[in-house]
Amino acid sequence: MMSIQIEALFTTALGLLPPWHVAKVELDTAKRRIDFEVGHTGKRAACPGCGAEHQLIHDRVRRSWRHLDFFQFEAWLHADVPRIQCSGCGKTTQMTVPWAREGSGFTLLFEALALSLCRELPVSQAANHLRVASKRLWRRIGHYVQAARAKDDMSGVRHVGVDETSVKRGHEYITVVHDLQAKRLLFACPENDHRTLEAFAKDLRAHGGDPEQVEHACIDMSAAYTKGIGQSLPKAQISYDRFHVVALAQSAMDEVRREEIRSSAAAIREAVGTYGKHTLRQLLWGMRKNPAQWTRAQSEAMHWLQRSNLKSARAWRLKQALRLVYREALASNRGDVALAALTKWMGWAKRSRLEPFKRLACTLKAHLGGVVRGMLDGRSNAYVEAMNGLLQQTKRAARGFRSVQNFIAIAYLRMSKLKHLPNNPLVPAIPRDYGRYRHVC
Ligand SMILES: [Zn+2]
C-alpha cells in the first residue's frame, strides 16, 4: 500500500502521463543511486512512423536514461520500450518516449541542465559536475545550438561588427560577426577572407534578415573585410574600431623597441647603466600597459625611459598620445574635433623618424573617413572590446576539445542569446517574488 503511493508520487514528480507510469522505485543508499522502472500499459498504440492508430505492440526493447539527481542520488530511468508492428506502413518502429530525444541516453531535463551548466562553466568542469564524459556534452551542445539557431530571428539586424580571432594560439583563425545593437554573436565561421562576408550574408537571409538593410559595419582595416563588406553588405557604411587602431599603434611601438634592442644593444645597456637587466624587463611590460596599471618598479623604469633619448621612448609617447586622441574624440563626440586631433597626431607620427609609425600614419590617412567614424561610435567600440573578453572566456571554456566546430558551438551557446534553447530545469518556473505581483494584472 505504502509502496504504491510512492510510485504514484514519483509518476507525478517525473511528469509522466498514462499509459506511462513509475512501476517500481529502487533506492540504493550505499551506491547513492535511485532507479525508476517506468512501465507502459496497453497492448496497442499508434504507429510512430505513419500515425495509424491501434497498432499491435510487437515486442519491447530494454533502455535506460540518466536523469537529474534526486538530492544526492544519481537517478536513472529504465523502461521496456514497445516496438509497434504497423499494418498501415508495414514497418516495425520503436515508440518515442516523452522524456528523452530519440537515441539519447539522457532525459530531456538532464540535457537541459547540462546545457545550462555549459553556459556558465568550462565544458570539462560541467562534465565532472554531472559525472559524464565531456564528449557526450559536446555532442549535445552541437545538437541544441543547431536547433536553436535554425529558429533564430535576425530580421532586425542593422549594425554589425566583424572581427577575427584565433582559436588556437596564433593559428586557425575564425571570423565572428556581432549584432552591435542587440549585443550578441550572429555568425562565426572558420575563415577570414572576403568570402566570409558572403557566407554571413547568406546566413542572415536564411534567418529572415536582409543584407541590404545593414547600415553600419565596424571592422578592422584588413583589405579582405573592406572588400567583403562592399560586395555582400552594399549599403553598410564602414567604420574602423578603436580596439584595432590602438592595437596597430601597440604593434608599431613593439616593432620600434625590438629593432632598437637588436640594433643598438650596446647603446641601450649604456643608457640603462646601473639600472640593469631588471629595469629592461620592467620596461617591456610597462610600455604595453596603461600608466594606471604600473607596478612601482615599472613606474620607476618608465620614468627613466621618458628621460632617455631612446627611440622606444618616442614610440611609447606616440602610442599614448593616440590613446588620448581617442579619449578626446569620445568626450566631444564631434567629427570635426576628432578629425583635427587625429590629423595633428598623424603629422607628429610622420615627422617621428620611426618607420612603423610613419607607415601607421599612412594607413590611417588612407582610411580616414572610417577611422574618424570609429572614433565617435563609443558604444560599439566598447562592445567590440567586451566581446573580445567574452571570446577569451569561451576559449577557456572550450579547452581540451578545441576543434573549431566545438569552439563555434560554445560561442553560439554563450554569446548569441539564443531564444530556443531548453530552459534550465532547476530554475523555478514561477519567480520567487511572484507574490508581490500577483494582484497587478
Ligand atoms: Zn505505420
Expected output for the range 36-59 (first residue hydroxyl-bearing (Ser, Thr, Tyr), partner in a loop (DSSP other than H, G, I, E, B) and surrounded by fewer than 13 Cβ atoms within 10 Å (Cβ to Cβ), Cβ below 7 Å, 6+ apart or cross-chain) is 41/19
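Can you confirm whether residue 183 is without any contact (Cβ under 8 Å) to a residue 60 or more places away in the chain and over 17 Å from residue 226 (Cα atoms)?
Criteria not met by residue 183.
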Is there a residue being within 16 Å of the ligand (Cβ to nearest atom), of a type in the set (Val, Ile, Thr) and not in a helix (DSSP H, G or I) anywhere in the range 93-108? yes
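Being of a type in the set (A, V, I, L, M) and either more than 22 Å from residue 403 (Cβ to Cβ) or without any contact (Cβ under 8 Å) to a residue 12 or more places away in the chain (or both) is the requirement here; does residue 114 meet it?
Working: of a type in the set (A, V, I, L, M): yes; either more than 22 Å from residue 403 (Cβ to Cβ) or without any contact (Cβ under 8 Å) to a residue 12 or more places away in the chain (or both): no.
In short, no.
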Residue check for residue 79: more than 16 Å from the ligand (Cβ to nearest atom) and part of a helix (DSSP H, G or I): no
Counting only residues that are over 21 Å from residue 9 (Cα atoms) and surrounded by 15 or more Cβ atoms within 10 Å (Cβ to Cβ), which one in the range 57-79 is nearest to the chain's Cα centre (by Cα)? 63
Restricted to the range 97-117 and to residues being touching a Leu at 6+ places or on another chain (Cβ under 7 Å) and aromatic (Phe, Trp, Tyr), the residue surrounded by the fewest Cβ atoms within 10 Å (Cβ to Cβ) is 99
Looking only at residues that are surrounded by 12 or more Cβ atoms within 10 Å (Cβ to Cβ), of a type in the set (A, V, I, L, M, F, W, C) and over 37 Å from the mean Cα position of the chain (by Cα) in the range 250-279, which one is modelled with the highest pLDDT? 261
Would you tally the residues in the range 48-59 being in contact with a Lys or Arg (Cβ under 7 Å, 6 or more places away or on another chain) and at negative phi? 6
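Residues are listed down the side, and each one gets a yes or a no for (1) more than 21 Å from residue 385 (Cβ to Cβ); (2) buried (at least 23 other Cβ atoms within 10 Å of the Cβ); (3) among the aliphatic types (A, V, I, L, M); (4) touching a helix residue (DSSP H, G or I) at 6+ places or on another chain (Cβ under 9 Å):
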{"site": "183", "(1), (2), (3), (4)": "no, no, no, yes"}
{"site": "204", "(1), (2), (3), (4)": "yes, yes, yes, yes"}
{"site": "219", "(1), (2), (3), (4)": "no, yes, yes, yes"}
{"site": "225", "(1), (2), (3), (4)": "no, yes, no, yes"}
{"site": "231", "(1), (2), (3), (4)": "yes, no, no, yes"}
{"site": "234", "(1), (2), (3), (4)": "yes, no, no, yes"}
{"site": "242", "(1), (2), (3), (4)": "no, yes, no, yes"}
{"site": "248", "(1), (2), (3), (4)": "no, no, yes, yes"}
Considering each of 165, 93 in turn, give the residue that is over 23 Å from the mean Cα position of the chain (by Cα) and crowded, with 17+ Cβ neighbours inside 10 Å. 93
I need a count of the residues in the range 392-405 that are part of a helix (DSSP H, G or I) and buried (at least 21 other Cβ atoms within 10 Å of the Cβ). 2
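The values are calculated or read from the model by the stated rules, or taken from the named source; none is laboratory data. All figures in this text were calculated on a predicted structure; none of them were measured in a lab. Cβ: placed from backbone, ideal geometry, glycine included. Neighbour counts: every protein chain shown.
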